[in-house]
Amino acid sequence: MLELRRASDTEIGDATPIAGGTEVVPLTRAGLLRPAALVDVRGVVPRGIDGETIGAGTTLAELVSDPRVPDALQEACRLAASPQIRAMGSLAGNLLQSTRCWYWRLGWECRLHGGDTCFARDGEHREHAVLANGYCASAHPSDVAAALLALDATVRTTRRELGIGALYRVPTADDRRMTTLEPGELILSVRVPAPEASTYLKASARKLFSFPLVGVAAARTPAGTRVALAGVAPVPWLHTGSLADATPLPGNAYKVEVAEALVRRATEALA
């Protein structure tokens, strides 16, 4: 029987943390996550907004409704999920959600499951990555992560501070992890500098509450405009001005055109 206990501090050992449960519970039920124990961290992980700092336990619903939150992050949270999921899902949980690749979700022995094949490359891949997809073609599903990347957010964990981009890594044959968190390391808060203006645009299979086929976040500051993309790479992707290095698969080349169009619209909106 799976053990569930309440955390008394941020030292959780080899247990799996759970807050809103919108990711951990379905993965555990599907057998994709096999935790030794679950630890409820809602009592030890900060929640709420204090200036530029957002507690990792803050729900997406709270971010949508707070006028202090930059527009790009508000809109990304609003479009990320249904009201019921937004009311439960935490900021950290959204940032750490697993790929929506159906081969991974169905338990196929793909590279992320320890196998030697990316089944999406020769299979159905309409929703998969067009950038950094040589080893694994999964596409990162978080609207919120792309918004925070455009906003140049900083993550504070129980062990360090790091830029939001450094939280993620493209999987490789010698290290198939998709984040840089170490065992037992918890996200505590995210610092989001206030931009002059920001926006988030999204193309998805459904108008609402669907994972991004392509998401584009843009944030303007005195230093310039940062643009980040969701749904186009195994990690949230910082756009450097061109998609010329995209390597789309036969069935998802449309994503490059959609991304280019949304980047133009987002940057024009902030001009």
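The values are calculated or read from the model by the stated rules, or taken from the named source; none is laboratory data. What you see is a predicted model, and the numbers here were worked out from it, not measured in a lab. We place every Cβ from the backbone using ideal geometry, glycine too, and count neighbours over all the protein chains shown. When the accessible area is computed, the model is the full protein with side chains, heavy atoms only, and any ligands, DNA or RNA have been set aside. Shrake-Rupley method; radii C 1.70, N 1.55, O 1.52, S 1.80 Å.
Averaging sequence separations of C-alpha pairs under 8 Å and six or more residues apart, then dividing by the length of segment 1-114, give the relative contact order as a whole percent.
On the way: 150 pairs, mean separation 27.9, N = 114.
Taking the mean separation of contacting Cα pairs over the length of segment 1-114, I get 24 percent.
Sorting Thr154, Thr59 by accessible area (1.4 Å probe), largest first, what list results?
Numbers: Thr154 30, Thr59 10 Å².
So the residues, ranked largest to smallest area, are Thr154, Thr59.
Only loop residues by DSSP count here, and only those with at most 16 other Cβ atoms within 10 Å; note down the GluC sites (Glu not before Pro) in segment 186-267 that meet that. Intermediate values should be presented prior to the final figure.
Details: sites: Glu196, Glu257, Glu260; in loops: Glu196.
Those that pass, being in a loop and sparsely packed, are Glu196.
For segment 52-90 and segment 218-246, what is the separation of their C-alpha centers, rounded to whole Å?
So the separation of the two Cα centres works out to 21 Å.
With the cut-off at 1.5 for a/c, could you classify segment 68-173 from its C-alpha gyration tensor as rounded, prolate or oblate?
Values: a/c = 2.08, a/b = 1.59, b/c = 1.31.
It is prolate, given that a/c is not under 1.5 and a/b is the larger ratio.
As a test of the formula, what do you get for the chain when each DSSP H run with n ≥ 4 contributes -39,500 (n - 2.57) and the sum is divided by the residue count, at 222 nm and rounded to the nearest 500 deg cm²/dmol?
Numbers: 9 runs with 66 residues, N = 271.
Rounded to the nearest 500, it is -6000 deg cm²/dmol.
Suppose every K and R has +1 on its Cβ and every D and E has -1 on its Cβ; what is the size of the dipole of segment 1-154 about the Cα centre, in Debye to the nearest 20? Present the calculation step by step, with values, prior to reporting the outcome.
Numbers: 14 positive and 19 negative charges, 87 e Å.
The calculation lands at about 420 debye.
Which helices, taking whole DSSP H runs in the chain, have alpha carbons extending 15 angstrom or more along the helix axis plus mean Kyte-Doolittle at least -0.5? Kindly include the intermediate steps, with their values, before the conclusion.
On the way: long enough: 254-270 (25 Å, 0.12).
Result, helices passing both filters: 254-270.
Which of the trypsin sites (Lys or Arg not before Pro) across segment 1-87 are loop residues per DSSP, with 13 or fewer other Cβ within 10 Å? Mind dumping the intermediate values first?
Numbers: sites: Arg5, Arg6, Arg29, Arg42, Arg47, Arg68, Arg78, Arg86; in loops: Arg42, Arg47, Arg68.
Hits after loop and neighbour filter: Arg68.
Between segment 17-31 and segment 124-177, how many Å separate their Cα centres?
Here the two parts' Cα centres lie 20 Å apart.
Relative contact order of segment 205-245: what whole-number percent is it, with Cα pairs under 8 angstrom and at least 6 residues apart?
On the way: 46 pairs, mean separation 11.6, N = 41.
This gives 28 percent for segment 205-245.
Ordering Arg100, Arg206 from largest to smallest accessible area (1.4 angstrom probe), what's the sequence?
From most accessible down to least: Arg206, Arg100.
Determine Rg/Rh for segment 140-271; Rg is computed over alpha-carbon atoms and Rh is the Kirkwood hydrodynamic estimate from the same atoms.
Working: Rg = 15.2 Å, Rh = 15.5 Å.
Ratio of gyration radius to Kirkwood radius for segment 140-271: 0.98.
With all protein chains present, how much of the accessible area of segment 205-270 (probe radius 1.4 Å) comes from carbon and sulfur, to the nearest whole percent?
Numbers: 1810 of 3180 Å².
Answer for segment 205-270 is 57 percent, counting heavy atoms of protein chains only.
Kindly report the accessible area of segment 98-218 per residue (heavy atoms of protein chains, probe 1.4 Å, no ligands, DNA or RNA), in Å².
Numbers: 5070 Å² over 121 residues.
Roughly 42 Å² per residue, with all protein chains present.
For Glu268 and Asp122, compute 0.36 nm times the residue count separating them, minus their Cα-Cα distance, and round to one decimal in nm. Please report the intermediate quantities before stating the final value.
Numbers: separation 146, 0.36 × 146 = 52.56 nm, distance 3.69 nm.
So the chain would gain 48.9 nm between Glu268 and Asp122.
Let me cross-check Cys110: its accessible surface, 1.4 Å probe, with only protein heavy atoms counted, in Å² to the nearest 10?
Cys110 has an accessible surface of roughly 10 Å² with all protein chains in place.
Non-local amide H neighbours of Val214 (under 5 Å, H modeled in plane, Pro and chain starts lacking H): which ones?
Under 5 Å from the amide H of Val214 lie the amide H atoms of Ala203, each far enough along the sequence or on another chain.
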